[in-house]
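Notes for the one structure printed next.
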2 protein chains.
Amino acid sequence: MSALDPAVASRLKRNADGLFTAVVQERATGQVLMVAWMDDDALARTLETREATYFSRSRGEQWVKGLTSGHTQRVHSVRLDCDGDTVLLEVDQVGGACHTGDHTCFDADLLLGPDL
Amino acid sequence: MSALDPAVASRLKRNADGLFTAVVQERATGQVLMVAWMDDDALARTLETREATYFSRSRGEQWVKGLTSGHTQRVHSVRLDCDGDTVLLEVDQVGGACHTGDHTCFDADLLLGPDL
């Protein structure tokens, strides 16, 4: 696995744990599926393989999405935001993105409904 | 301004600074516009007024989006994710969402292009 391109690494703004935010959007529907964390190695692997790869804070290790569940994410594009602390992944999702089985992590808890 | 509903507050998982992530999506286009931070008061104000309200880490204060720039966000819906540390706002955006003038904070820096 290659290291992250230094030209990209220099534009990242990481938190105290060396992590940055990844927002994951489904290409076909535009739905925001989930939010996760990445470190440099996770981003490098994502860019190289197009397999969405994150950093699990609870397990303290790299996490290839779907490796266990089969609910993989094929990465179509990756964008970095204006202040360098968030990437936006456009993916093709296999199965549900959420560990609960829901399609997205935002399906279950509506705090404020449409302003009709 | 009312305090945040205790039933909502009890479901939030805040970081060490008392903040959680807000992902902001445009209703009309499905575009992810930006990612910001909220504290309980910012979420309470957002739910009560439908004016997107965040917490500025750099200024250390509440930030009503567009109050200075005029680039306001009218909030259509708010969802909390499965582990309680991210909210997803669906908004109607006036003007550009990004401080650079771009429509979204993800317009300028494409790290990986479409897999054609």
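Looking at the axis that maps chain B onto chain A, which chain B residue has the closest Cβ, and how far off is it in Å, rounded to a whole number?
It is B:Gly30, 2, counting Cβ atoms only.
Only loop residues by DSSP count here, and only those with at most 11 other Cβ atoms within 10 Å; note down the trypsin sites (Lys or Arg not before Pro) in the stretch A:30-116 that meet that.
A:Arg59
Give, as a single signed number, the net charge of other residues whose beta carbon lies under 11 Å from the beta carbon of B:Arg57, with Lys and Arg counted +1 and Asp and Glu -1.
Its environment carries a net charge of -4.
Using the number of other C-beta atoms within 10 angstrom as an exposure proxy, rank A:Val35, A:Val23 with the fewest first.
A:Val35, A:Val23
How much net charge surrounds B:Thr46 when only other residues with a Cβ under 13 Å from its Cβ are counted (Lys, Arg +1; Asp, Glu -1)?
Every neighbour counted, the sum reads -3.
If you project the alpha carbons of chain A onto their three principal axes, what span does each projection cover, largest first, in Å?
Cα spread of chain A along its principal axes, largest to smallest: 47, 32, 28 Å.
Post the alpha-carbon centroid distance, the stretch A:9-33 to the stretch A:34-95, in whole angstrom.
What the calculation gives is 8 Å, centre to centre.
For chain B, what is the mean residue ellipticity at 222 nm derived from helices alone (per DSSP H run of n ≥ 4: -39500 (n - 2.57); sum divided by total residues; nearest 500 deg cm²/dmol)?
-3000 deg cm²/dmol
Placing a label point 7 Å from Cα toward Cβ, how far apart in nm is A:Thr29 from its equivalents in the other copies, listed shortest first to one decimal?
Result for A:Thr29, in nm, nearest copy first: 2.2.
Rounded to the nearest 20 Debye, what is the dipole magnitude of chain B about its Cα centre when Lys and Arg each give +1 and Asp and Glu each give -1 at the C-beta?
I would put it at about 240 debye.
Lys and Arg at +1, Asp and Glu at -1: add these up for the other residues within a Cβ distance under 13 Å of B:Gly96 and post the number.
-2
With the dipole of the stretch B:1-70 worked out from charges on the C-beta (+1 for Lys and Arg, -1 for Asp and Glu) around the Cα centre, which of B:Leu12, B:Phe55, B:Thr29 lies farthest toward the positive end?
Comparing the listed Cα positions along the dipole, B:Thr29 ranks first.
If we count other beta carbons within 10 Å of each Cβ, what is the order of B:Val87, B:Val64, fewest first?
Ordered from fewest to most neighbouring Cβ atoms within 10 Å, B:Val87, B:Val64 come out as B:Val64, B:Val87.
Suppose the chain between B:Asp41 and B:Ala9 were pulled fully straight at 0.36 nm per residue; how much longer would it get relative to their current alpha carbon spacing?
Contour length minus Cα-Cα distance gives 10.5 nm.
Under the 0.36 nm per residue contour assumption, what length would be gained going from the current alpha-carbon distance of B:Ala16 and B:Thr68 to full extension?
Fully extending the segment from B:Ala16 to B:Thr68 adds 15.8 nm.
May I ask you to sort A:Asp92, B:Asp39, A:Asp115, A:Asp81 by Cβ crowding, counting other Cβ atoms within 10 Å and putting the fewest first?
Fewest-to-most ranking of A:Asp92, B:Asp39, A:Asp115, A:Asp81: A:Asp115, A:Asp92, B:Asp39, A:Asp81.
How many partner chain Cβ atoms sit within 10 Å of a residue's Cβ in peptide A:72-85, on average, as a whole number?
The per-residue average across the peptide is 5.
Every number in this text was worked out from the coordinates using simple rules, so none of it is lab data. Since the structure is predicted, the reported quantities are computational estimates derived from the model, not experimental observations. Note that we place each Cβ from the backbone using ideal geometry, even for glycine, and neighbour counts take in every protein chain shown.
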